[in-house]
Amino acid sequence: MVKESAKDLRELLRLPPGEPVVLAGHDARATPGAPGGKRAGRADSARLGKRLANLQERLWAAATAGDRRRVLLVLQGMDTSGKGGTVKHVIGHLNPSGCRIQAFKAPTEEERQHDFLWRVRRALPRPGEIGIFDRSHYEDVLIARVRHLARPAEIGSRYGLINDFERSLAEDGVTVIKCFLHVSYDEQRRRLLRRLDRPEKHWKFDPGDIDERTLWPAYQEAYELALERCAAPYAPWFLVPADRKWYRNWAISRLLLEHLREIDPHYPKGDFDVAECRERLLKG
């Protein structure tokens, strides 16, 4: 279970590297570390948004002076867990010019001609940017495993390739924040039913989602393996209870803020004489 005593949300939600993961042992409606209930959580999310915007600007500004650091937020979870909603509510506080958002769908014909990390490398954030992956390279050890899209030996080798890839990112100045949005089986049903009940949400519904629910145990096992085998100090996994949308949004905002505060980017100093420039402007 997630620890409840730590003050830093990263400590509350981080999955210990090397330990077995049993998703059934984590309550998807839990609110570890929350500032209160729904109203308090939403109010605090708004305050966090302002602080995130400031830190993002500092990260972007630092890159103009050669700082190569950047952030990659990876969002994974079952259908309806709220990956798109997280992007809307959390990243909406940030300046779009400093963000790179990539939603990974089924590979294109061109992408299939390369190794599974090829398209991921092309979507990585540049120095100063915050990159957001709506799904990611983990699809190749999740749906590929459940749907038998590759040989078991090939899928097994991908865990090590992912670990090597994420280590190389960390060594190159990328702060990797991997969040598993943990939604329950019953909550997923409720959300799918709401999509059916609202015509303006029909575009988000796919009848195939019902078939996918029959594979729930297989997906849970695939996630447990990925969370266990690909958790490392340089790229940990954070398990975010996602049945309560307000908590999910608050928690991702808080995790992003804590990582940006640790990076602590600074505005670069100007390479010009401020007083002289002021004097010239006043004379003009």
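If we only count helices (runs of 4 or more DSSP H) wholly inside the range 171-284, which ones have 3 or more residues that are over 30 Å from ALA40 (Cβ atoms)? So that I can check it myself, show each step before the final result.
Working: elements: 185-197, 208-213, 216-229, 245-263, 274-283.
Helices (runs of 4 or more DSSP H) meeting the threshold: 208-213, 216-229, 274-283.
Pick from the range 225-284 the residues that are acidic (Asp, Glu) and farther than 30 Å from GLY156 by Cα: which of them is most open to solvent (accessible area, probe 1.4 Å)? Steps first, please.
Taking the range 225-284 and keeping what is acidic (Asp, Glu), we get 228, 243, 258, 262, 264, 271, 273, 276, 279.
If we keep only those that are farther than 30 Å from GLY156 by Cα as well, we get 243, 258, 262, 264, 271, 273, 276, 279.
On the way: ASP243: 12, GLU258: 5, GLU262: 127, ASP264: 63, ASP271: 147, ASP273: 90, GLU276: 76, GLU279: 95 Å².
It comes out as ASP271.
So, TRP203, is that one exposed (fewer than 15 other Cβ atoms within 10 Å of the Cβ), without any contact (Cβ under 8 Å) to a residue 12 or more places away in the chain and of a type in the set (Phe, Trp, Tyr) or not? So that I can check it myself, show each step before the final result.
Working: exposed (fewer than 15 other Cβ atoms within 10 Å of the Cβ): yes; without any contact (Cβ under 8 Å) to a residue 12 or more places away in the chain: yes; of a type in the set (Phe, Trp, Tyr): yes.
Yes; evaluated as a whole, the condition is true for this residue.
Out of curiosity, is GLU166 in a helix (DSSP H, G or I), among the acidic types (Asp, Glu), touching a strand residue (DSSP E or B) at 6+ places or on another chain (Cβ under 9 Å) and over 22 Å from ILE91 (Cα atoms)? Give the derivation first.
Details: in a helix (DSSP H, G or I): yes; among the acidic types (Asp, Glu): yes; touching a strand residue (DSSP E or B) at 6+ places or on another chain (Cβ under 9 Å): yes; over 22 Å from ILE91 (Cα atoms): yes.
Yes.
If you take the residues in the range 137-168 that are touching a residue at least 60 places away in the same chain (Cβ under 8 Å) and crowded, with 20+ Cβ neighbours inside 10 Å, which one is nearest to GLN56 (Cα to Cα)?
GLU166
Going by the conditions given, is GLU57 within 24 Å of PRO127 (Cβ to Cβ), open to solvent by 30 Å² or more (accessible area, probe 1.4 Å) and either out of contact with any helix residue (DSSP H, G or I) (no Cβ under 9 Å at 6 or more places or on another chain) or not in a loop (DSSP other than H, G, I, E, B) (or both)? Before you say what the answer is, go through the steps one by one.
Values: within 24 Å of PRO127 (Cβ to Cβ): yes; open to solvent by 30 Å² or more (accessible area, probe 1.4 Å): yes; either out of contact with any helix residue (DSSP H, G or I) (no Cβ under 9 Å at 6 or more places or on another chain) or not in a loop (DSSP other than H, G, I, E, B) (or both): yes.
So GLU57 fits the description; yes.
Considering only the range 111-127, I want to know if a residue exists there that is buried (at least 19 other Cβ atoms within 10 Å of the Cβ) and over 30 Å from GLU262 (Cα atoms).
yes
Please state which of the following conditions ALA34 fails to meet, knowing it meets all the rest: (1) touching a strand residue (DSSP E or B) at 6+ places or on another chain (Cβ under 8 Å); (2) surrounded by 16 or more Cβ atoms within 10 Å (Cβ to Cβ); (3) outside any helix (DSSP H, G or I); (4) modelled with pLDDT of 95 or more.
The one condition ALA34 does not meet is (1).
For ILE91, are the conditions met, namely being open to solvent by 20 Å² or more (accessible area, probe 1.4 Å), among the aliphatic types (A, V, I, L, M) and over 19 Å from GLU166 (Cβ atoms)?
It is false that ILE91 is open to solvent by 20 Å² or more (accessible area, probe 1.4 Å), among the aliphatic types (A, V, I, L, M) and over 19 Å from GLU166 (Cβ atoms).
Quick test for you: out of ASP44, ASP27, pick the one residue that is over 19 Å from the mean Cα position of the chain (by Cα) and part of a helix (DSSP H, G or I). It would help to see each step written out before you state the result.
On the way: ASP27 fails: part of a helix (DSSP H, G or I).
Exactly one residue qualifies, and that residue is ASP44.
Starting from the range 1-27, take each residue that is within 17 Å of TYR185 (Cβ to Cβ) and list its partners that are surrounded by 14 or more Cβ atoms within 10 Å (Cβ to Cβ) and at pLDDT below 95, counting only C-beta distances under 9 angstrom and pairs at least six apart or across chains.
From residues that are within 17 Å of TYR185 (Cβ to Cβ), the pairs are HIS26/VAL2; ASP27/VAL2.
Filter the range 86-119 for residues that are under 12 Å from the mean Cα position of the chain (by Cα) and assigned to a helix (DSSP H, G or I) and give the result.
Those that are under 12 Å from the mean Cα position of the chain (by Cα) and assigned to a helix (DSSP H, G or I): THR86, VAL87, VAL90, ILE91.
Got a sec? Which of GLY77, GLY85 is touching a residue at least 24 places away in the same chain (Cβ under 8 Å), closer than 20 Å to LYS204 by Cα, open to solvent by 10 Å² or more (accessible area, probe 1.4 Å) and small (Gly, Ala, Ser)? Give the steps one after another, and end with the answer.
Details: GLY77 fails: open to solvent by 10 Å² or more (accessible area, probe 1.4 Å).
On inspection, the qualifying residue turns out to be GLY85.
Looking only at residues that are in contact with a Gly (Cβ under 9 Å, 6 or more places away or on another chain) and charged (D, E, K, R) in the range 27-66, which one is nearest to LEU13 (Cα to Cα)? Reasoning before the result, please.
Let us first name the residues in the range 27-66 that are in contact with a Gly (Cβ under 9 Å, 6 or more places away or on another chain), namely 31, 34-35, 43-44, 49, 56-57, 59-64.
So of that shortlist, the ones also charged (D, E, K, R) come out as 44, 57.
Numbers: ASP44: 18, GLU57: 27 Å.
Checking each candidate, the answer is ASP44.
Take the conditions touching a Lys or Arg at 6+ places or on another chain (Cβ under 7 Å) and either modelled with pLDDT of 95 or more or not basic (Lys, Arg) (or both) and apply them to GLY160. Does it pass?
no
The values are calculated or read from the model by the stated rules, or taken from the named source; none is laboratory data. The model shown is predicted, which means the values in this text are computed figures rather than measured ones. In this analysis, Cβ positions are derived from the backbone assuming ideal geometry, glycine residues included, and neighbour counts consider all displayed protein chains. For accessibility, only protein heavy atoms count, side chains too; no ligands or nucleic acids. Shrake-Rupley method; radii C 1.70, N 1.55, O 1.52, S 1.80 Å.
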